[in-house]
Structure formats: structure tokens, C-alpha cells
Amino acid sequence: MKKRLLLGCLIALFVAPALAETLEEAMADAYRSNPALQAQRAQLRAMDEQSSQAVSGWRPHINGMASVGKLYTHTPNNPMMPEDGAHTPRTAGIEVVQPIFSGFRTVNGIDAADKQIMAGRAMLKAAEQQLLLNVGQAYLDVLRDRALVDLYTHNREVLDLRAQETKKRFSLGEVTQTDVLQAEARREGTKTGLIQAEGRLQSDTAAYLRYVGKPPKDLREPNLATSMPGTLSEIVETSIRKNPIVLAATYGEDAAKANIDINKGALLPQLDLVGSAGRGLDQSDFIPGRQDYSQIMLRLTVPLYNAGTEYSQTRAAQQTASQKRLELEDARLAIRQLAIDSWNGLQTARSATISSKAQVDADVQALEGVKKEAGLGTRTTLDILNAEQELLAARVNYIQARHDEAVAVLRIKAAEGTLTAEALKLPVEIYRPEANYEDVKTKAIGFAPGEE
């Protein structure tokens, strides 16, 4: 009977009620409502405006102008004009400047903006993966902590019974006072493990609430530990090619290269078509009434020397491109290391799971054997306490190994770039950043409809 009760603590980690919350449901809740991820999406929507701003280089600039003032004149010794005069000159007009050629800055600006936006989308994927990894970690932590609390609670109950039994045997003269003290010492010692497990459960519950947005209820152990992620070489190759952090660094380098051409474009001529029209009233004694005007012309601006600013900005852009190239190389090396570390962590956890499970089975049999031998007088109370302590440690190790195995699988998925709502097929409406991009790219006028 005691054996069955002890096994029940371990089974609680892997058997869930019918209405238990799954890991997929927890991830879906976080994907829909986590404020950090929502903030990242808003940041990307703001970044989408860079494309609209770059496209505006093709659009005309239209300005209305108006002025009003007071003009006083004094013209002595001129019989054709009054000696003194006062006027109220008023003008109103409109000017339209249509860019025709701007040193390829508009073309390169659009290219740079689009590359920056692609980098932003990749960083949004990275933020999404980090959130889902945090959710998975918190979910598995709570599962582990609850199992450990149950295990330590049950172990304390067993040791309470052991202490009571030892006292009874002492009263009958079957054991010594030392046996009683040993049983009580073990009972008190197990309280430390329970307190630590309860404290860690509270901390991990708070983390779960932060990421998911609600406290954990009945959780069901996922099947992550049984999935086969592939070989190490496959994981490393996929991670370097598809990890969103690497993709973001790649697009960042491309954008930096385009910025070099943008700055060089400032050294090239600029051609604009300029049209203007207006009306003036009471401009002077020569034009006391109304005057209308309109004109259209081509305006060519050739930069000759502007204090060397353009050259300095180009050199800075070249250094930034070198920086982005080195950051890309570092990102590839970092993701490679992450993939290898995650793979090794998985192999270590799987080996620990197998060995700790075998140890649990062996310690269960050993404890039964020690109890029988103690009944025959060949084993002491201390031998039983030691066997129970070894079984407890083996069960703790087994719970921790199962936890570490599942976390390692999540980390491998994150390294490969597949820990996303879409890849995991979570029951959510997938956020499509392309929709906002297409909406604002060609939007020439108007404000945002409101916060999404």
C-alpha cells in the first residue's frame, strides 16, 4: 500500500484530469494577450511607416503661402509719385515641387526601409519564440514543483508514521532511544525540502502568471520529451539558416549597405519640377491693385561642397555596414552554440531520465527488502530511513530529469526557429504583419485608426 502511495506522487506529474490545461492552450493565451509581445507588434507597425516615408520621396510637396503686412514709402522730389504712401501688401499662393531625380536616394531609401522592416519582422518572431519558450519553461516548472511538493508532503507523512512506529517499538523495548531520535531527525529534515519546493512553486507560479496572464490550474504534461528533433548536424544547419535572430542580422546588414548608397546620393544632382501660382494685393505704389502670377520650371540643384557633411555621413554608413556584417557573423556563431548546447542538454537529460528511472525501480525494491530484513532483525531503523531517503532522492532526480528533457526540446525548437504559434499550430489567429505594411506603404494621407 505504501509503495502505491509513493508511486502516486510520481504519477501525478504525468497524469492529468480530463479538464486539464494543456501547454498549447497556455501558449495560445500568451500569444493572444501578453503585453510584451503586443508591444513588439506595435513597434513593428511603427517601423512599417519607414517604408511609407521612403516612398514619399516620389510624391510632390505642396505648400500654401500667405502674407500680410504694412508698407510705408517716402519719395521726395518725384512729381510722378506721392511723397508719402502707406500700403497693406497681401499675398496668397501655392507651390508644388515634384521630385524627378534625387540621386537614387528614394530607390535606395525604399530598399533600406524594406530591409529594416524585414529585420523587424524577424525580431518579432524572436520575441514570439522567447515568449513561448518562457511560457513552456514556466509551465514545466510549475508541473515539476507541484510534483515535488506532493512528493515531499507524502514523504513527510511517511516519516511521521515512521517516527510514531519507532516510538511505539521503543516503548515495547524493541529499539533504542537512538532509533527514535534518528526517525525524528529525518522527519524534521524533510521539512526543508518541502519548504524549498513550496517556495519555488510560488515563484514559478508568479512567472506563469506574468507570461500567460492567468494563474495555472490543472496542468497536463506535454509530450515534448518523446519527440525526436533530428541529428545534431541537422539542428545546427537549420538553426543557422532559419533562426529569426540570424535572419534579423542578415536583413540588418542589407539595410546598412543600402544606407551607404543613400548617403552617396546626396552628392549627386537633384532635379525637381516646380510650379507656383498666387495673387498679390496692394503691393506698392506701382502695383496698387491686384496682381496674379503663375509659373512652372525645372530646377536643377548640383551640390558642389557642403562642408564635407555628405562624405562624413557616407564614411559613417560604411563603418555601420562593417559593424552589421560582424554582428551577423557573431549571431551565426551564437545560434550555433545555442543549438549545440540545447542538443547536449537534451541528450544529458534523456540519459538522466533513463538512469534515474532505473534507480527509482531499484530503490523501491531495495526499500521493500530492507523492511523485510528489519522485520527479521537483521536491519535497523536507520537502514530503513536511509533506504527511504535514497528512494526520495531518486524520485526527485527522475522528476527533474523529465522536466529538463522537455525544456531541452523547447530550446531546440527555439534554436531552429520553429517555436512559433504557426509552426506549433496553436489554436489562435496568427498575427500577419504584412497586412499593416501593405496598408501604410502607399498611404499618402491620414492617421492611424487607433490602437490595435
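Inter-part distance, the stretch 137-163 to the stretch 293-365, computed on C-alpha centroids, equals 42 Å. Of all DSSP beta bridges confined to the chain, the antiparallel ones make up roughly 95%. Sorted fewest first by neighbouring Cβ atoms within 10 angstrom, S355, S294, S52 come out as S294, S355, S52.
Charge tally around L328: other residues with Cβ under 15 Å, Lys/Arg +1 each, Asp/Glu -1 each, net +3.
In plain terms, if you count all Cα to Cα distances in the chain and split them into 20 Å steps from zero, the share in each step is 18, 32, 23, 15, 8, 4, 1, 0 percent. The charge dipole of the stretch 193-311, taken about its Cα centre with unit charges on the Cβ of Lys, Arg, Asp and Glu (plus for the first two, minus for the last two), comes to roughly 320 debye. Between the stretch 180-209 and the stretch 384-427, what is the C-alpha centre distance in whole Å? Measuring centre to centre over Cα atoms gives 20 Å.
Run the dipole for the stretch 109-237 about the Cα centre, Lys and Arg Cβ at +1, Asp and Glu Cβ at -1, nothing else charged, and hand back the magnitude in debye, nearest 20.
Once rounded to the nearest 20, the dipole reads 360 debye.
Among P60, A42, P449, whose Cα projects farthest towards the positive end of the dipole of the chain, with charges put on the beta-carbon of Lys, Arg (+1) and Asp, Glu (-1)? Towards the positive end, the residue furthest out is A42. Using R0 = 51 Å, the C-beta based FRET efficiency linking V274 and R432 works out to 0.80.
I'd like the orientation of helix 2-11 relative to the chain: the angle between its Cα long axis and the longest Cα principal axis, in ° from 0 to 90, rounded to 10. So the helix axis and the longest Cα principal axis differ by about 10 degrees. Here the stretch 358-445 is treated as a Stokes sphere of Kirkwood radius computed over C-alpha pairs; at 10 °C and 1.306 mPa s its diffusion coefficient rounds to 88 µm²/s. Could you pull out which residues in the stretch 372-392 have an amide N less than 19 Å from a spot 7 Å beyond the Cα of Q177, following the Cα-Cβ vector? So the set is 381-382. Since only Q177, A406, L392 are under comparison, the one whose Cα sits farthest along the positive direction of the charge dipole of the chain, derived from C-beta charges on Lys, Arg, Asp and Glu, is Q177.
Under a crude label model (7 Å from the Cα following the beta-carbon direction), how far is D383 from Q337 in nanometres? Modelled inter-label distance: 5.2 nm.
Mean projected area of the Cα convex hull of the stretch 91-193, taken over all directions, amounts to 15.3 nm².
With the Kirkwood sum run over all distinct C-alpha pairs, the stretch 177-241 has a hydrodynamic radius of 16.6 Å.
Using a cut-off of 12 Å between beta-carbons, work out the net charge of the residues near A408 (Lys and Arg +1, Asp and Glu -1, A408 not included). Once positives and negatives cancel, what remains is +1. Percent of C-alpha pairs per 5 Å bin in the stretch 188-292, short distances first: 2, 7, 6, 6, 7, 8, 8, 8, 6, 6, 5, 5, 5, 4, 4, 4, 4, 3, 2, 1, 1, 0.
Listed from fewest to most Cβ neighbours within 10 Å, the set Y311, Y293 follows the order Y293, Y311. With a cap of 14 neighbouring Cβ atoms within 10 Å, and only residues DSSP puts in a loop, list the trypsin sites (Lys or Arg not before Pro) found in the stretch 130-218. Answer by residue number: K217. Within the stretch 279-431, the proportion of Cα pairs with more than 20 Å between them is 77 percent.
The orientation-averaged shadow of the Cα convex hull for the stretch 133-245, equal to a quarter of the hull surface, comes to 11.2 nm². The fraction of all Cα pairs in the stretch 250-291 landing in successive 5 Å bins from 0 to the largest distance is 5, 15, 11, 9, 8, 8, 7, 7, 8, 8, 6, 5, 3, 0, given as whole percents.
Among F101, F447, the order by Cβ neighbours within 10 angstrom, fewest to most, reads F447, F101. Across the stretch 390-403, computed HN-Hα scalar couplings (Karplus, 6.51 cos²θ - 1.76 cosθ + 1.60, θ = phi - 60°) run 5, 5, 4, 4, 5, 5, 4, 5, 5, 4, 5, 5, 4, 4 Hz from first to last residue, x flagging Gly and Pro. Just add up the charged neighbours of Q347: K/R +1, D/E -1, any other residue whose Cβ is under 14 Å from the Cβ of Q347. Result for the neighbourhood of Q347: -1. The magnitude of the dipole of the chain, with charges of +1 and -1 set on the Cβ of Lys/Arg and Asp/Glu and taken from the Cα centre, is near 660 debye.
Note on S322 and S294: the model spin-label points, each 7 Å out from Cα along the C-beta direction, lie 5.6 nm apart.
Considering only G103, A163, P89, and ranking their Cα positions along the charge dipole of the stretch 70-211 that arises from unit charges at the beta-carbon of Lys, Arg, Asp and Glu, the one farthest toward the positive end is A163.
None of the figures in this text is laboratory data; all of them are computed from the coordinates on show. Note that the structure is a prediction, hence the values are computed from the model and not measured. Using ideal geometry, Cβ is built from the backbone for each residue, glycine included, and neighbour counts are taken over all protein chains shown.
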